[in-house]
Structures are given as C-alpha cells and as structure tokens.
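Let me begin by presenting the structure, written as structure tokens, before commenting on it.
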Amino acid sequence: MKALGLIALLLLGASGPLRYRFVPGHVYGYKVVEESETYLKEGPGARRMVNKQSSKLVEKLTVISVSNGIAVIDDRQTDGQIEVITGTGVSQSIRPPVHRVIHMMTTGKIVKIGHKQIVGVRDSGGGFLEGLSLPLPDKALQPGMTWSGSGSTRGLDGKPIAVKYTCRYLGEEKRLGRKCAKIAAEMSSAFQTQIQGSAKPAACTLSGSITTWFALDVFLDANIESSIELSIKATSDSGSERVTTIVSRGKQTLMP
C-alpha cells in the first residue's frame with residue numbers, strides 16, 4: 001500500500017497530456033494514514049475478525065535530479081506509529097523509518113526503487129505493492145476518458161506480480177479547498193505466494209480502487225484515497241482450506 005505515497009510536481013497542459021514536472025531541489029510532504037482489518041475463515045466455519053490495525057507517518061520527498069526524462073527522488077518516511085487491536089487488547093509500537101531513492105518517469109511510471117540503510121534500523125527490503133504505479137495517458141484528459149494497462153509490483157513473498165488497472169478522468173472538483181483534477185482507478189490481480197509451513201503455494205486475489213485529486217493551483221496531489229481487499233487461500237496437505245482476508249484503506253494528504 002506505501003508504494004502508492006510518491007507524488008511529484010505536475011504540469012497540466014491545456015492541450016497536451018498530463019505529465020509530471022520534476023524540479024531539482026523541490027521538497028514537499030504528505031501525511032499518510034492507513035487502516036486495516038484482518039479476517040480468517042477456516043474450513044466451513046464462519047469468517048471472524050482477527051485484528052484491526054491503524055498506522056500513520058509523515059513522508060518527505062525531495063527531487064534530487066532529472067536526466068533523460070527520469071527524476072531521482074529522495075523519499076523519507078518518519079514519525080510512524082502503529083496501533084493493533086486484537087481480542088486480547090491493544091498494542092502500540094513505533095513504525096521504523098524508511099529511506100528510499102525512487103526513479104520516476106514523467107508519465108508517473110516508477111522504474112526503480114532502492115532502499116538506503118538507516119543506522120540502527122533493519123531494512124525490510126520493501127513492502128507489499130511497493131513500486132506500483134498507474135501511468136498517465138498519452139492524450140489530453142477529457143471528462144469520462146478512460147485508459148488501462150498492467151504494471152509490475154512487489155508481491156507478498158517479494159516476487160513480482162502483475163496488477164491490471166483501469167483509470168477514468170472524472171473532471172474537476174473542489175477538494176480540501178483546492179480546485180482539483182479527479183482521477184479514479186480500479187485495479188485487480190491474481191497470483192500465488194509461498195506460505196510458511198506449507199509446501200503448496202497459496203492462491204491470492206486482489207481488488208481495489210484509488211482516487212486521486214490533483215491540485216491545479218500548486219500542481220501537486222492534494223489528496224489520495226485507496227481501498228484494497230486482499231484474499232489469501234491456503235490449502236493444507238490434508239485438503240482443508242484457510243482463507244485470510246485483509247481489507248485496507250489509506251489516505252495521503254498534502255502538507256502545507
């Protein structure tokens with residue numbers, strides 16, 4: 001879900017396609033909030049909630065350089081907090097900081113992500129869906145216009161998976177006091193992943209939506225909201241099924 005937090009300056013041409021505009025030295029940031037619920041269904045039994053989790057962090061982005069249409073962006077995620085609610089109580093913890101360097105094309109397509117070591121912090125190597133991007137179209141946007149494609153991103157076990165998406169431009173809309181261009185996207189994926197303690201891979205399905213509001217006064221995303229459902233079906237050697245479903249929602253808000 002974190003890979004979906006990287007946004008840079010935009011150039012909205014009156015007659016040309018929407019493109020990112022990267023300015024070396026430009027610094028901007030987002031407040032990121034995520035919530036999720038995890039459900040478990042074993043065999044013919046009813047689905048039950050296992051836990052609820054909420055997290056928040058601050059993401060600071062700095063455009064380092066631009067060359068051949070690709071920007072190098074320094075991405076630092078700090079001030080992270082996590083709260084988990086289970087049947088036994090509530091626990092709180094600090095989310096470890098993350099330092100990445102991201103290479104992005106003017107279409108918004110992420111071509112490379114590298115993690116930088118932080119002293120005293122163990123690098124997890126990236127999370128689920130890291131690197132996911134939904135590139136902008138080659139034509140000028142018109143209300144109702146749609147475009148679609150498929151992108152590669154990080155799976156649950158670190159291996160790449162393919163995600164299909166369809167985007168629709170919904171026109172201009174006021175958001176957080178700003179005049180914005182609104183884009184809604186639907187995405188889906190079906191893939192397999194290895195499960196600890198099982199010789200058989202689990203079958204996974206993903207579906208979700210991402211809505212973005214581009215602020216037309218500052219040429220930045222004013223707000224991004226996402227909703228994703230992930231289902232993981234594992235079958236034991238004896239044939240019994242165990243289905244884990246994670247429903248998550250995220251929001252990124254441009255900081256003043």
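The values are calculated or read from the model by the stated rules, or taken from the named source; none is laboratory data. Note that the coordinates shown come from a computational prediction; the quantities given were computed from them, not determined experimentally. All Cβ positions, even for glycine, are placed from backbone atoms using ideal geometry, and neighbour counts span all protein chains on display. Please note that ligands, DNA and RNA were not included when accessible areas were found on the heavy atoms of the full protein model with its side chains. Shrake-Rupley method; radii C 1.70, N 1.55, O 1.52, S 1.80 Å.
About its Cα centre, the stretch 72-123 has a charge dipole of approximately 240 debye under the convention of +1 per Lys or Arg Cβ and -1 per Asp or Glu Cβ, with nothing else charged. Accessible surface calculations at 1.4 Å, restricted to protein heavy atoms, place the chain at 52 Å² per residue. Backbone phi angles across the stretch 232-241, fed through the Karplus curve with coefficients 6.51, -1.76 and 1.60 (θ = phi - 60°), yield HN-Hα couplings of 10, 9, 10, 10, 6, 4, 7, x, 6, 9 Hz in residue order; Gly and Pro are listed as x. Bridging of LYS139 to lysines at a Cα separation below 30 Å is possible for LYS2, LYS109, LYS112, LYS164, LYS174, LYS179, LYS182, LYS251, once same-chain residues fewer than 8 apart are set aside. Straight-line cross-link reach from LYS41 at under 26 Å between alpha-carbon atoms covers these lysines, not counting any fewer than eight positions away in the same chain: LYS52, LYS159, LYS200, LYS233.
Taking amide hydrogens as placed 1.01 Å from N in the peptide plane, the amide H of ALA140 sits under 5 Å from that of no residue at least 5 positions away in sequence or on another chain.
Provide ASP79, ASP123 ordered by accessible surface of protein heavy atoms (probe 1.4 Å), highest first.
Numbers: ASP79 110, ASP123 70 Å².
Accessible-area ranking of ASP79, ASP123, largest first: ASP79, ASP123.
Since only VAL84, ILE110, GLY69 are under comparison, the one whose Cα sits farthest along the positive direction of the charge dipole of the stretch 5-125, derived from C-beta charges on Lys, Arg, Asp and Glu, is GLY69. Over the chain, the reciprocal of the mean inverse Cα-Cα separation, the Kirkwood hydrodynamic radius, stands at 19.6 Å. For the stretch 31-45, putting each phi into the Karplus relation 6.51 cos²θ - 1.76 cosθ + 1.60 with θ = phi - 60° gives couplings of 8, 10, 10, 9, 9, 8, 10, 10, 10, 10, 10, 10, x, x, x Hz, in residue order, rounded to whole numbers and with x for Gly and Pro. Here the Karplus curve 6.51 cos²θ - 1.76 cosθ + 1.60, taken at θ = phi - 60°, turns the phi angles of the stretch 203-213 into couplings of 8, 10, 10, 10, 9, x, 9, 9, 10, 10, 10 Hz, with x standing for Gly and Pro.
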